[in-house]
1. Among the numbered criteria (1) crowded, with 21+ Cβ neighbours inside 10 Å; (2) in a helix (DSSP H, G or I); (3) over 11 Å from the mean Cα position of the chain (by Cα), which one does residue 82 miss?
2. Answer yes or no as to whether residue 167 is surrounded by fewer than 20 Cβ atoms within 10 Å (Cβ to Cβ) and either within 18 Å of the chain's Cα centre (by Cα) or modelled with pLDDT of 95 or more (or both).
3. Any chance you could count how many residues in the stretch 131-175 are more than 18 Å from residue 38 (Cα to Cα), in a helix (DSSP H, G or I) and in contact with a helix residue (DSSP H, G or I) (Cβ under 7 Å, 6 or more places away or on another chain)?
4. Do we have any residue at all in the stretch 114-137 that's without any contact (Cβ under 8 Å) to a residue 24 or more places away in the chain, within 19 Å of the chain's Cα centre (by Cα) and within 23 Å of residue 162 (Cα to Cα)?
5. Give just the number: which of (1) assigned to a helix (DSSP H, G or I); (2) over 20 Å from residue 19 (Cα atoms); (3) in contact (Cβ under 8 Å) with a residue 24 or more places away in the chain does residue 76 not satisfy?
6. Give the stretch 56-73 a look and list any residue that's over 17 Å from residue 117 (Cβ atoms), within 21 Å of the chain's Cα centre (by Cα) and without any contact (Cβ under 8 Å) to a residue 60 or more places away in the chain, or say none.
7. Looking only at the stretch 15-39, filter to residues that are within 27 Å of residue 160 (Cβ to Cβ) and without any contact (Cβ under 8 Å) to a residue 40 or more places away in the chain; which one of those is surrounded by the most Cβ atoms within 10 Å (Cβ to Cβ)?
8. Any chance you could count how many residues in the stretch 21-48 are more than 15 Å from residue 69 (Cα to Cα) and not in a helix (DSSP H, G or I)?
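The values are calculated or read from the model by the stated rules, or taken from the named source; none is laboratory data. Quick caveat: nothing in here was measured; it's all calculated off a predicted structure. Here Cβ is always computed from backbone atoms with ideal geometry, including for glycine, and neighbour counts include all displayed protein chains.
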């Protein structure tokens, strides 16, 4: 295999993405306010400019706007790593599997991780624009709010699918 289609890169990107995700979760506390008790998650699911402005004002009151910017940049890094790892892993499973069903699961992972990346990038970029403009937008908040559950669904589906595929692949290679 040439380029990035190698198991070494899968593990680097996939586990690296999970590590960044864990770091973002652990360090999310400063963005949890009375207005946004779930921090960045409230900003992601806010579907109106009024709600976004209230959340951003609560962060500004605590001096956490720059922290929010860095958290969203960290989210972009996470998305890139985790999506890339999932696509690489799914493609490798699809290419190497002996079982037609495992091949299909590998292809499912590729699609799930691609959708995760597309929805999460759209959501996060919509958030960052509002944060940088220091002004909510009904359109961008609506886009982020629309993408949030789809991103979450594809994240869970891809993660469960990848874990199942890795276990299946290991048992298949031992047989």
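1. Answer for residue 82: the failing condition is (3).
2. Working: surrounded by fewer than 20 Cβ atoms within 10 Å (Cβ to Cβ): yes; either within 18 Å of the chain's Cα centre (by Cα) or modelled with pLDDT of 95 or more (or both): yes.
Against the criterion (surrounded by fewer than 20 Cβ atoms within 10 Å (Cβ to Cβ) and either within 18 Å of the chain's Cα centre (by Cα) or modelled with pLDDT of 95 or more (or both)), residue 167 qualifies.
3. 15
4. Yes, that holds for at least one residue.
5. Going through the list (1) assigned to a helix (DSSP H, G or I); (2) over 20 Å from residue 19 (Cα atoms); (3) in contact (Cβ under 8 Å) with a residue 24 or more places away in the chain, residue 76 breaks only (2).
6. 66, 67, 70, 71 - these are the residues of the stretch 56-73 that are over 17 Å from residue 117 (Cβ atoms), within 21 Å of the chain's Cα centre (by Cα) and without any contact (Cβ under 8 Å) to a residue 60 or more places away in the chain.
7. Just the residues of the stretch 15-39 that are within 27 Å of residue 160 (Cβ to Cβ), to begin with: 15-28, 38-39.
Going one step further and asking which of them are without any contact (Cβ under 8 Å) to a residue 40 or more places away in the chain, we end up with 19, 22, 25-26, 38-39.
Numbers: 19: 13, 22: 11, 25: 11, 26: 8, 38: 13, 39: 20.
Taking the candidates together, the pick is 39.
8. 9
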